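Participant: I have a structure here, written as structure tokens, and I will follow up with some questions on it.
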Amino acid sequence: MVIVDNLVKTYGSFRLDLSMEISDGAVTGIVGKNGAGKTTFIKALLGLIRPDEGRITINGREASMLTGREKASIGAALSESGFSAYLRVKDVTAILSKMYPTFDEEYFRKNCRAQGLPEDKRISEFSTGMKAKLRVLSAISHRAELLVMDEPTAGLDVQARNDILDLLRQYLQENENCSVLITSHISSDLESLCDDIYLIHDGKILLHEDTDVLLGSYAVLKVSEEAYEKLDKSYILAGRKEAFGYTCLTREKQFYAENYPGMVIENGSVDDLILLMTGGH
Amino acid sequence: MRGLIEKDLRLTFSRRQTLMIFLVMAVIMGGTMDGSFLVGYLTMLGTIIAVGTISYDEFDNGFAFLMTLPFERKTYVGEKYLFCLFMEAVSWCAGVLIYCIGGLIRHSGVNPVSELPMLLSLIPVLFLSVSVFIPLLLKYGSEKSRVALFLVFGLMALLVFGTKQVMSGQEQVLQGLVETLDALPEALVFLVITAVCGLLSFLSYLCSVRIMEKKEF
């Protein structure tokens, strides 16, 4: 579905440099700290910025050269951009129904009502959560084959986050062939949604792993300084000095569980991955 | 294109109060003023409102999302020119209507048929302002384009002043030119004005497409 081949984009001292592939029907997550390059990548994918080098293709077509008809198969929700705040939901409904031949007006209206988005209120009067819901609903209401979601849950309360994640889950259940690319710095969102996860930092991919492997095989070891000295570090990916000793990230949970009985071993999470891979030693 | 027109119409009608104020002002002017100034005034207001939709698109980083919707960048530009022309035509019609009704009420002897070529030529001439506004707004955004617009009009003023200086002492040449133009049939003048303005507007459209194709969001 999407092939990113040696994409390079430079802004001053920041350089985004990555390659990746998103298969048909896959839900791919991109995690990373603020400023890692997630939004820059999304913008390049959507043809909003031009790569300095490399290319991005969507179904074999250059991303920045997509025709209107080809763009109709993509649904995008950006973190800091949406429909004009002067419009109302009923305006958005009319606009989308003219923009997309496959726009499901009934589905959109029904979900707007379910999510508490009033038809006659200006978007400028919406809360942050309501705006985010409208952005996601606008992206998923025309049976898109590729969904691109940039931080759809950023800055939202737990209820709004869950509502949006439920909307996405429901959409994915009903559209199994849909590919999704979703960025977030909230790891739990991605753990429950994605088939595979890319960790990017300073514009580069630090790690790409299936979510099952990440949650099943990765672990965090908590060891004292003394134990750390004696530890076989062959399978340690990253570590960080703590008050009690060291916190280490490994992909071989089983190895340490078998060879170091009594060691504190916690299941890995995307948060641990971000913290240790991007801030450890 | 249909979706973009829908969006711009809805954005325009979201400013109902402003539109109503303009209309009331136009009606008052139509009822109290002689001359066709009202038609030009209303046509210009319609044009400014239409061009203003670009600022609405740009507001709050809206361009980024807008450009993910299913149309090409040149379609966006083309729609803006068409929408401005449409709004200009609608406000021109409203202006002519108020002008005629005002004339009838005041018994001022308004003859819209005889004035039609002059009134019609307002449309291409005022559309030239669209041809200046749109590329500037797309290139510099609504904030910076005000400065750019100031510079453009400053340059135009300098050009007029410079021409006046150069032509001083040669008033007879100018007088002759004016007399020659006056002697031409009004329909021909209208056609020439429309052709020249059309050509300049097309060049402006090409510039705007180029600006938009290069723009990053």
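Participant: Going 7 Å from the Cα of A:Glu174 along its beta-carbon direction, which residues of the range A:87-103 have the amide nitrogen within less than 16 Å of the resulting point?
Facilitator: So the set is A:97, A:102-103.
Participant: Moving to a separate point now. To the nearest 10 degrees, how steep is helix B:2-13 against the longest Cα principal axis of chain B, on a 0 to 90 scale?
Facilitator: Compared with the principal axis, the helix lies near 70 degrees.
Participant: By count of other Cβ within 10 Å, fewest leading, how are A:Glu106, A:Glu209, B:Glu88 ordered?
Facilitator: A:Glu106, A:Glu209, B:Glu88
Participant: Would you work out the relative contact order for the range A:218-279, in percent, from Cα pairs under 8 angstrom that are 6 or more residues apart?
Facilitator: On the way: 96 pairs, mean separation 27.1, N = 62.
It comes to 44 percent, rounded to a whole number.
Participant: How about the range A:216-274: which chymotrypsin sites (Phe, Trp or Tyr not before Pro) there are in a DSSP loop, with at most 12 other Cβ atoms within 10 Å of their Cβ?
Facilitator: Answer by residue number: A:Phe244.
Participant: Taking the alpha-carbon centroid of each part, what is the distance from the range A:103-180 to the range B:98-154 in angstrom?
Facilitator: Here the answer is 42 Å between Cα centres.
Participant: Just want the ordering: A:Lys43, A:Lys222, A:Lys230, from fewest to most Cβ atoms lying within 10 Å of their own Cβ.
Facilitator: Listed from fewest to most nearby Cβ atoms, that is A:Lys230, A:Lys222, A:Lys43.
Participant: Here is a further query. Find the relative contact order for chain A and round it to a whole percent, using C-alpha pairs within less than 8 Å whose residues are 6+ positions apart.
Facilitator: 21
Participant: Additional query: Which angle from 0 to 90°, rounded to the nearest 10, does the C-alpha axis of helix A:105-114 make with the longest principal axis of chain A?
Facilitator: That works out to roughly 60 degrees.
Participant: May I pose another question? Compute the acute angle (0 to 90°) between the alpha-carbon long axis of helix B:186-214 and the principal axis of greatest extent of the alpha-carbon atoms of chain B; round to the nearest 10°.
Facilitator: The helix B:186-214 is inclined about 20 degrees to chain B.
Participant: With chain A treated as a Gaussian network of Cα nodes joined by springs under 10 Å, which of A:Gly129, A:Gly32, A:Gly262 yields the largest mean-square fluctuation?
Facilitator: Result for chain A, Cα springs under 10 Å: A:Gly262 fluctuates most.
Participant: Rounded, prolate or oblate: pick one for the range A:2-213, where a ≥ b ≥ c are the square roots of the eigenvalues of its C-alpha gyration tensor, a/c under 1.5 means rounded, and failing that, prolate if a/b is larger than b/c, else oblate.
Facilitator: It is prolate, given that a/c is not under 1.5 and a/b is the larger ratio.
Participant: Give the lysines reachable from B:Lys139 as a straight Cα distance under 16 Å; neighbours fewer than 8 places away on the same chain don't count.
Facilitator: Filter leaves B:Lys74, B:Lys80, B:Lys214, B:Lys215.
Participant: Enumerate the residues in the range B:81-98 having an amide nitrogen under 20 Å from the point lying 7 Å beyond the Cα of B:Val189 toward its Cβ.
Facilitator: Residues B:96 qualify, since their backbone N sits under 20 Å from the label point.
Participant: Sticking with this one: At 7 Å along Cα-to-Cβ for each site, give me the label-to-label distance between B:Thr180 and B:Lys144 in nm.
Facilitator: 4.3
Participant: Determine the distance separating the Cα centre of the range A:248-276 from the Cα centre of the range B:1-57; give it in Å without decimals.
Facilitator: 66
Participant: If you average the sequence gap of Cα pairs under 8 Å that are 6 or more apart and divide by the length of the range B:2-214, what percent do you get for the contact order?
Facilitator: Across the range B:2-214, relative contact order equals 28 percent.
Participant: So how much slack lies between A:Asp52 and A:Phe255, counting 0.36 nm per residue of separation and subtracting their Cα-Cα distance, in nm?
Facilitator: Extending this stretch completely gives an extra 68.7 nm.
Participant: A follow-up question, please. Any idea how far apart A:Ala85 and A:Asn34 come out in nm if each label point goes 7 Å out from Cα toward Cβ?
Facilitator: 1.9
Participant: At q = 0.10, 0.24 Å⁻¹, what log₁₀ I(q)/I(0) does the range A:84-189 have when each alpha carbon counts as one equal point scatterer in the Debye sum?
Facilitator: Reported log10 I(q)/I(0), two decimals: -0.26, -1.50.
Participant: Can you pull the one-decimal nm distance between simple spin-label points at B:Leu203 and A:Glu105, each 7 Å off the Cα toward Cβ?
Facilitator: Going from the B:Leu203 label point to the A:Glu105 one covers 4.5 nm.
Participant: Which of rounded, prolate or oblate describes the protein assembly as shown when judged by the alpha-carbon gyration tensor and an a/c cut-off of 1.5?
Facilitator: prolate
Participant: Between A:His142, A:His208, A:His185, which gets the highest mean-square fluctuation from a Gaussian network model of chain A, Cα cutoff 10 Å?
Facilitator: The residue with the greatest mean-square fluctuation here is A:His208.
Participant: Further, regarding this structure: Counting other beta carbons within 10 Å of each residue's own, what order do B:Val39, B:Val77 fall into, fewest first?
Facilitator: B:Val77, B:Val39
Participant: When DSSP beta bridges are limited to those with both residues in chain A, what percentage is antiparallel, rounded to the nearest 5?
Facilitator: Of those bridges, close to 70 percent are antiparallel.
Quick note: the coordinates plus some simple rules give every number you see, no bench work behind them. None of these values were measured; they are calculated from a predicted model. Every residue, glycine as well, gets a Cβ built from its backbone with ideal geometry; the counts of neighbours run over all protein chains shown.
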